[in-house]
Amino acid sequence: MLFLQVIICITLVIFIGSSLSQSADILAEKTGMGRTWVGTILLAGVTSLPELATGTSAIILFNSPDLAVGGILGSCLFNLLILALLDIYNGAEPVLQRAQISHGLAASLGCVMLGVTTLGILLAKTEMNLAVGWVGIPSIILLWLYWLSARMIAQFEMRRRAQVLEEEIEAFQYQHITSKQAYLRFIFLSVIIVILGIWLAFLGDRVAEVTGLGQSFIGAILLATATSLPEVVASLAAIRLNAVDLAVSNIFGSNITNLAILGVYDLVYLQGNLWLNISQIHIFTAIVAMIMTSVAINGLIYHAVSGSRMYITWDGLTLVALYIGAMYVIYRDIF
């Protein structure tokens, strides 16, 4: 029955996630904000909520802040791996060649937030008091940076779309749907995908226990994959809709949202300073995530000016290699 539930849940995630991507595409037209902002903030926010729910549960119910933080940073790595998967799925034309170069803004802001996270873990081991009450200053900075990112991306997209609106013919393909219908459909599908994401994470944890993986490294990978499945499905569905910007912005936006969730974790962790209870291995994970993001930015800029056509690009291969290498180092550290 457990594995039957997993199959049913994954099937529903694929179906609802595909519909959610189309709904986000409709909302991008109706709001006039464009696919980049909707993907980075709205779609990424929704697909990242399962991580928020599972991590908050780990902190409040099991007093395991290190597990919650590890899940968030591991999800950041996995999200960047999705770019390589999209590259393969997209076929001969590199996915980052079809994407707007403006995604570099969200990616670079994600790098800044990863840097703040790294410094927060490092400085927590010193004698410096970097907290206001029980909340660490790095957490406050991360939440502020998330708000700043949403504002900057919105302003940038409004200016960009005002300049190229006449060239974006696809912006007028949902005229038969009203704005009210678009909002209601997106909200409804968002609630369903969050419920499914939380259910899938619970099932992943149960499968790890039943198979004997439990708290092992493979069990952690299984749980991270389960909570990231909505991002995978939503991004692949966006590619099928020819909404590449929605797919790419969902990846970079999910990482920004995940790092903001660290600040939320600190707010709900009332036992003390969250940053004092984080393993040093997470510094390595955050740095690898910064390198992977930099590789993606490099690919975004390079492919925008090159005419290369490959089944999988050099940056896609590099992202895969970095992810596998990071998993190996983390595995060696655990065991």
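The values are calculated or read from the model by the stated rules, or taken from the named source; none is laboratory data. This one's a predicted model, so the numbers in the text were calculated from it and none came from an experiment. Cβ sites come from the backbone with ideal geometry, for glycine too, and all protein chains shown count toward neighbours. With ligands, DNA and RNA removed, areas are computed over all heavy atoms of the protein, side chains included. Shrake-Rupley method; radii C 1.70, N 1.55, O 1.52, S 1.80 Å.
Brief remarks follow.
- The residues of the stretch 306-329 that are over 17 Å from ALA99 (Cβ atoms) and at pLDDT below 70 amount to a single one, TYR311.
- Considering only residues in the stretch 157-177 that are of a type outside the set (D, E, K, R) and not in a loop (DSSP other than H, G, I, E, B), the one that is modelled with the highest pLDDT turns out to be MET158.
Residue-by-condition table, conditions (1) open to solvent by 30 Å² or more (accessible area, probe 1.4 Å); (2) of a type in the set (Ser, Thr, Tyr); (3) over 19 Å from MET292 (Cα atoms):
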residue	(1), (2), (3)
PHE3	yes, no, yes
THR11	yes, yes, yes
GLU29	yes, no, yes
MET33	yes, no, yes
LEU81	no, no, no
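- Counted residues, the stretch 178-197 - those being in a helix (DSSP H, G or I) and open to solvent by 20 Å² or more (accessible area, probe 1.4 Å): 12
- Check on LEU203, crowded, with 16+ Cβ neighbours inside 10 Å, modelled with pLDDT of 90 or more and in a helix (DSSP H, G or I): no
- Taking every residue in the stretch 9-38 that is under 18 Å from SER249 (Cβ atoms) and pairing it with any residue that is among the polar types (S, T, N, Q) and open to solvent by less than 30 Å² (accessible area, probe 1.4 Å), at least 6 positions away or on another chain, the pairs with Cβ-Cβ distances below 7 Å are LEU20/SER190; ARG35/SER249; THR36/SER102; THR36/SER249.
- Scanning the stretch 45-79 for residues that are open to solvent by less than 10 Å² (accessible area, probe 1.4 Å) and over 24 Å from ILE283 (Cα atoms) yields a single hit, THR47.
- ILE41 being of a type in the set (A, V, I, L, M, F, W, C), touching a Pro at 6+ places or on another chain (Cβ under 8 Å), open to solvent by less than 30 Å² (accessible area, probe 1.4 Å) and more than 15 Å from VAL194 (Cα to Cα): no
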